[in-house]
Amino acid sequence: MKMKKYLLPGITFLLSFCCALYVTMQVFPKNQNPFLTSGIKDEINLPYKIQDGDIIFQTSESSQCEAVRIATNSKFSHCGIIYEINGNLFVFEAVQPVKLTPLNDWITYGRDKKYLVKRLKNAAEVLNENTLQKMKDYSQQFMGKQYDAFFEWTDTRIYCSELVWKIYKNGANIELSKLQQLKDFNLKDERVQKILKERYGNNIPLEEKVVSPSNLVDSDLLVTVVDTY
């Protein structure tokens, strides 16, 4: 009789506790930083060869990207950093706005779904767990920022290759390539001229510091890991 007397309140308490715990976890999640890795990884096999911190390139289809390809004499017009978070691969990229995109989704956005992945030659020594986390911590400040269609060398807005360059510079103390000036690119093509006119009118900032996807692709510090072109 005593057991029955305490059984119902006990069950009620247990159910109430479980419900409260569930609500607490939903309202106050343990990890608010999307770049932090929890102690438990999803049970998923990472794509062969691709690693945390790799740099990925593709050919995009917009008119601006076409102008980038022409101005830099390269087939590559977009890039991002691959981050592994809880066993899943994402591309941290500067689009509108800056965001993390699942790797498989990112690949589908490129022309013919083709892509190139590059890695530091000494990544095994340099990109240790602490350095990768520093890069991810530095990346946090750019999440949700506006894409920089004017290619200004500031942190107010940011474009794709600038994002990658700055993360490596400030998170890993590595300059992937030398910076150029806008005037160093091929600006004579009428398609490039059209974009420049739309962006700047008659005041083209020819002395502006810039870095392009092609500068990163050609970096002597990187080696090719995957090439589907």
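Every number here is computed from the coordinates shown, using simple stated rules; none is lab data. In this text the structure is predicted, and so the values were computed from the model without any measurement. Here Cβ is always computed from backbone atoms with ideal geometry, including for glycine, and neighbour counts include all displayed protein chains.
Key figures
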{"quantity": "Placed amide H near Leu89: partners under 5 Å, 5+ positions off or other chain", "calculated": "Leu103"}
{"quantity": "Lys209 long-range amide H proximity, modeled H, under 5 Å", "calculated": "Trp153"}
{"quantity": "Cα-based equivalent ellipsoid, region 55-227: semi-axes from gyration tensor eigenvalues, Å", "calculated": "26, 17, 16"}
{"quantity": "Over 26 Å between alpha carbons, listed pairs Lys118/Lys194; Lys136/Lys209; Lys114/Lys188; Lys136/Lys197", "calculated": "Lys118/Lys194; Lys114/Lys188; Lys136/Lys197"}
{"quantity": "Packing-based order for 77-87, 205-215, using average beta carbon neighbours within 10 Å, highest first", "calculated": "77-87, 205-215"}
{"quantity": "5 angstrom amide H check on Lys99, placed H, neighbours 5+ away", "calculated": "Glu93, Gly144"}
